[in-house]
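Quick notes on the structure that follows.
Only the coordinates and a few stated rules stand behind these numbers; no lab work does. In this text the structure is predicted, and so the values were computed from the model without any measurement. Glycine also receives a Cβ, built like all others from the backbone with ideal geometry; neighbour counts cover every protein chain displayed.
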Amino acid sequence: MTIWAMLSGIEGNLAAYEAVLADLKRQRTEIDELYILGDLVGATSESEDLVQRVRSPRRGEIEPQVCAGWWEEQCFILHGVSTQSEAPELIAKYGADTVKLLWDAVPHETVKWLRSLNFGFFELDSLLIHGSTVGVDDELTPKTSPVQMLDRLMRSDANNLFCGRSGLTFEYELHQGSVTVAVTTLDRQQEPIVNTVSPRRVIGVGNVGRSPGKATYTLYDPGINHVEFKTIRYGGTGFKVAQMARSAQGEHKPKNSRV
Amino acid sequence: MSGHGDPPPLWQYQFGRGEQEWEEQDWKKSFWCLTCKVVPNCPGNDYYSHCMANLPIIAVAGLLGSGKTHWISQQIVAASQSVLYCCPGSGNVPIDAHWIAAHFPQVKVVDEGQEMQHLIDLDPGTIAYVELGFHLDLATEFLAVLPCHKVAVLPPGYEDNELRNWADEVSESKLTPTQNSLDSQQLIRSPLEGEVIDPASLNIFWDELTQGAYGDVQRAKGIFDLVDGRSFHFDFVAQMTESKFTELPLPRWLDGRPQRFSGIEVGGNRLDSAAIAQTLQDCCLAEEMIAYYQEQIKAQPEEIPV
Amino acid sequence: MKMAVMSCIHGNYEALDSVLLDINQHHAEKIICLGDLVGYGPHPNAVVEMIRSLDIPTVQGCWDEDIVEGLNSCECSYPSMLAEKRGKAAHEWTNQNIQPETRSFLAELPLSLREDNLCFVHGSPHSQHEYLLPDVNAFLALERVLSTGADVLFCGHTHVPYVRSLNAGELRATVKQPGVEQESLSFAAPLKRIINVGSVGEPRHGRPNATYVLYDTETEEVTLREVQYDYQKTCAAIVEKGLPSIFAWRLAQGLEYAEKADDPTHVCER
C-alpha cells in the first residue's frame, strides 16, 4: 500500500507544519510521499524558518516534494523574477503593508530556491498543483462550474487533480457527461458524433497554516484511489487536550510527542 | 603474349614497378585469369573467357536512383564468400559506401582513390562490387583493363543502347525513369560529419527538398546524426511515392560531436545549392544545445527491450 | 444581417484585396477582423491602412501583440528549430518595416469583440496564443464558448477554417466536503458553435487560396468561403522585399510559413 500526504497553504506557520508532521508519524500506515502544493511561505516572520525546516528534514522524515503557489508567485513579483511586474492581487487582498512584510519575511536567496521549484507534479494519473495549469491563482472550489472543473482536468489529461488554492478540503467528482459534436470543413462535412467523458475528480487538499490552531491536509492511496481528509488541532492546550482525548479512547499512543 | 585485342598489361597498375623490373614469369602472370591464375587459351576475343562466368569483379551501373546499391546488397546477402565494395566517384560524400558498411560489417569497403590497388590484389575467393555513379563514364579506366562482369540495373523496357551494349547482364529495376531524371545535370554534395541535426527541422527540410522548394530534385540521399544519437539514412527517388527513412545499425553517439560519416547528396536540375546549404545549417544544433540534449538523453532510464 | 468575418491577413495585401472584393460581391453588411494583420507577409503597412480606412472592427492577434510588445510568440507554437528561426526572421523583418502609426493602431486593438450572442477572438477567449483545433476535446471546446456567455464563438489563429457545433452538452457531478451534506450538480448546455474563419493571407489547408466566413445573424447560416487570388504577386513581393524566399514557396503550397497549430492544452511557460 502506498500513501501520499498532500499539504498546502502552510503560509509560514511553523507550529502548524510541525503538528502535521507529528500527525503523519502517528498514522497506522507509513507515508511514502509527502507533497507540499504551494503557499509554503507567507507574510510572516517565521517563513524563513519554515523554509529551512522543509529543506532540511530530520532523520526518519520524508523529504517533501514542493511546488510553487500563490504566495511564492507574489515573492517572485516583488523580487523581479516573474513575468508580471506588479502585485495588484496581493495589495487588494491583504493591503499595501503586506508588501513590505513579505519582502522582509522572505530573503532573496530563499526566493531563488523557491524559483527553482516545480510548477506541479504529474504522478500516475494525478496532477498535483497549487491552482491549476492555468495558473497559481486559479481557485477551484465546490462552487466552480462542472464544465470549468472538467476543463482543468482535461488540460492535463488527469483523472485526479489535487489542488490547494482555495484552502478547502473537498472532493468534486464528475460522473458522466456527453456532448454531440459535428464538424464542417472546406472539403467535408462530418456526421454528428456523441463524445462522452469518463469519471474524474478535483480534490481540494485543505490548508495547514491559514487558520491558527487548526490544520487540514489530505491522504491519498493511489492503489485503491481513496482520499481521506485529516483535521488536526494544535498549539497551546488545544493540541494537548486533543492528544489526551485520543489516548483515553485508546486509539493510539503518540510515538514522538512534542507536548 | 596474346595478340587478341590486347588489354594494357597489368604491370602498368602495379605501383612502384616499371616495365624493366618484370621478368618473364611476371609477364606470364600478368595475363593470368584473376580467378584461376592459369594462362588462358583464348578461343575468341575475350581474353579471360574461360573464367568469365566466375569473374570476381562485378561492375554495377544504372540510372539515377535505379537501385544499384539495393541490387548489390541483395548479392551480399546471398554471397558465401568474402565481399569487397567500392564506389568510385562518390567524392567526400560516400553515402552508399557507409550504408553498406553499416549493414554489412563483414564487407570490406574501400575508400575513394584506393579501388585499383585493392582490385588488383584481390584475395582469392573474394568477390568485388564496383558501383558506378550515374555521372561516371562507363569507360572508366580501371574497368577497361580489369576483367569484370558488367551489370546494368535498368527499368523494364528502357532502351538506352549505351548501357545495354556495355552490360553483360541486365537486372530489372522497379522504377521507371522520368524525362527529368534522365536529363539530370546537377549533383550537389555536402559532408556533414560532426553535425547533430534537429529531427523535426530535418523533416521540414526534407519535405521541402523532395517537393521542389530548392529545385527539381530527382534523387536525394543522406546519412544524418540526430540529436538522440542515432544515425539515419534518408533516401528519395522522384519516381517513388515516399522517401525511405531507416536507422543505421550503429551505436548511439552521445559524447559531443559525432566522429563518423554523415552527409547529403542531391541530384537534379536548377538546384539552389546556397539555399540548400543555408537551410541545412539552420537544422544543425549549436555546441551548447548538443551538450544539453545529450545529457538529458543519458539521464533517461534505459528502455527495457520487450 | 449578413456579416463577413476574416482573420490572419499577415501582411498579404493581394489576398486581402481579393477577399474584400468577394465580400462585396456577397453583399455582406458588416466585416469583422480577428487580428494578425501583420507578420510573415510583405505588405504589413498597406494591410493595416486598408483595415483602418474601411473602419473594420478588429481584435488584436498574437502577431499584432508581439510586434507591439516586442516579444516573440510562444516557442511552443514552433514545431522545430528551423521553424523557430524562420519565425524570428519574419518577426525581425516586420519589426523593422512597420510604420509608427501601424504599431500604434495594433496597440489599441481590443482582445475581443461582442455582438449580441456572438463573440469574436483571435485564438481563444483565454489567450491569443491558444489554438482551438477542430478535434480538441469537445468539453474543452464547450468550456471556451461558455466562458464568453455567447452562443457562437468566432476565432482564427489556426489558419484552417471549420464550423464545430456542440449540442446537447450535459455533465453530472457530486461534491463532498467534511461536515457538509453531499451536493449533486448537473449541467446542461444548448447548441453552441465555434466558427474558425481560417486565414486570408497564410492559408494552411493545402491550397494557396484565401479563406473567410459569411454568417447570417437571422438564419444562423454559415458559409466557408475560399477565394482565389494572384498569390504569385505576393510570392514575388516576399522575395523582392527580402523575406525568407522559402515563404514564397510555402505560400504557393498552402503550407504554414513556420508556426504550426498544436495542442492547446500544453502548459505554456511564457
Subject >> Antiparallel content of DSSP bridges confined to the protein assembly as shown, in %, to 5 >> reply: 65 percent
Original post:
What residues have an amide H closer than 5 Å to that of C:Glu202, excluding those fewer than 5 places away on the same chain, when H is modeled at 1.01 Å from N in the peptide plane?
Top reply: none
Subject >> Over the protein assembly as shown: Kirkwood hydrodynamic radius from C-alpha pairwise inverse distances, Å >> reply: 32.7 Å
Original post:
Using alpha-carbon pairs under 8 Å, 6+ residues apart, how would you state the relative contact order of the range B:55-172 in percent?
Top reply: 40 percent
Original post:
What average number of partner chain Cβ atoms lie no more than 10 Å from the Cβ of the residues making up C:136-147?
Top reply: 6
**OP:** Summarise the partner chain shielding of C:78-87 as one whole number: the mean count of Cβ atoms from other chains within 10 Å of each residue's Cβ.
**Re:** 6
Original post:
What number, in percent, do you get for the relative contact order of chain C if the mean sequence gap of Cα pairs under 8 Å and at least 6 apart is divided by its residue count?
Top reply: 24 percent
Subject >> A:Gly206 long-range amide H proximity, modeled H, under 5 Å >> reply: A:Gly167, A:Leu168, A:Thr169, A:Phe170
Original post:
What is the packing order of peptides A:190-203, A:37-50, B:90-103, taking the mean over residues of other C-beta atoms within 10 Å and listing the highest first?
Top reply: A:37-50, B:90-103, A:190-203
Subject >> Packing-based ranking, highest mean first, of C:8-14, C:50-56, B:240-246, A:228-234 given that Cβ atoms within 10 Å are counted >> reply: C:8-14, A:228-234, C:50-56, B:240-246
**OP:** For the range C:29-43, just list the computed ³J(HN,Hα) in residue order, Karplus coefficients 6.51, -1.76 and 1.60, θ = phi - 60°, integers in Hz, with x standing in for Gly and Pro.
**Re:** 8, 9, 10, 10, 10, 9, x, 6, 6, 10, x, 6, x, x, 10
Original post:
Using alpha-carbon pairs under 8 Å, 6+ residues apart, how would you state the relative contact order of the range B:180-296 in percent?
Top reply: 38 percent
Original post:
What ³J(HN,Hα) values, in whole Hz, does the Karplus curve 6.51 cos²θ - 1.76 cosθ + 1.60 give for the range A:141-156 when θ = phi - 60°, with x put for Gly and Pro?
Top reply: 9, x, 8, 5, 5, x, 5, 5, 4, 5, 4, 5, 5, 5, 4, 10
Subject >> Residue mean of other protein chain beta carbons inside 10 Å, B:209-215 >> reply: 2
Original post:
Radius of gyration and Dmax for the range B:180-296's Cα atoms, expressed in Å?
Top reply: 14.3, 47
Original post:
So for the range C:142-241, taking the charge dipole from beta-carbon charges (+1 Lys/Arg, -1 Asp/Glu), which of C:Ala210, C:Leu166, C:Val152 sits furthest toward the positive end?
Top reply: C:Ala210
**OP:** Just check the range B:55-172 against the gyration tensor rule for me: Cα atoms, a ≥ b ≥ c as the square roots of the eigenvalues, rounded for a/c under 1.5, and otherwise prolate or oblate depending on whether a/b exceeds b/c.
**Re:** rounded
Original post:
For the range B:55-172, with only Lys/Arg (+1) and Asp/Glu (-1) charged at the beta-carbon, what is the dipole magnitude about the Cα centre, in debye rounded to 20?
Top reply: 260 debye
Original post:
About the Cα centre of the range B:180-296, what is the dipole size in debye to 20, counting +1 per Lys and Arg Cβ and -1 per Asp and Glu Cβ, all else neutral?
Top reply: 400 debye
Original post:
How far, in degrees from 0 to 90, does helix A:236-248 lean away from the longest principal axis of the Cα atoms of chain A, to the nearest 10?
Top reply: 80 degrees
**OP:** In whole Hz, with x marking every Gly and Pro, tabulate ³J(HN,Hα) for the range A:167-175 from phi via Karplus 6.51 cos²θ - 1.76 cosθ + 1.60, θ = phi - 60°.
**Re:** x, 9, 9, 7, 10, 10, 9, 9, 8
**OP:** Would you mind checking the tilt of helix C:81-97 against the longest principal axis of the Cα atoms of chain C, expressed as 0 to 90 degrees and rounded to 10?
**Re:** 60 degrees
Subject >> Translational D in µm²/s for chain C (Stokes-Einstein at 25 °C, 0.890 mPa s, Kirkwood Rh from C-alpha pairs) >> reply: 129 µm²/s
Original post:
For chain A, what does the equivalent ellipsoid look like in terms of its semi-axes, each the square root of 5 times an eigenvalue of the Cα gyration tensor, given largest first in whole Å?
Top reply: 35, 26, 15
Original post:
Roughly how tilted is helix C:231-240, in degrees to the nearest 10 and between 0 and 90, from the longest Cα axis of chain C?
Top reply: 60 degrees
**OP:** Please work out the C-alpha center-to-center distance from the range C:97-128 to the range A:126-141 and express it in whole Å.
**Re:** 28 Å
Original post:
Exposure proxy check: A:Glu63, A:Glu73 ranked by fewest other beta carbons within 10 Å?
Top reply: A:Glu63, A:Glu73
Original post:
How do B:Ser262, B:Ser231, C:Ser127 line up, fewest other C-beta atoms within 10 Å first?
Top reply: C:Ser127, B:Ser231, B:Ser262
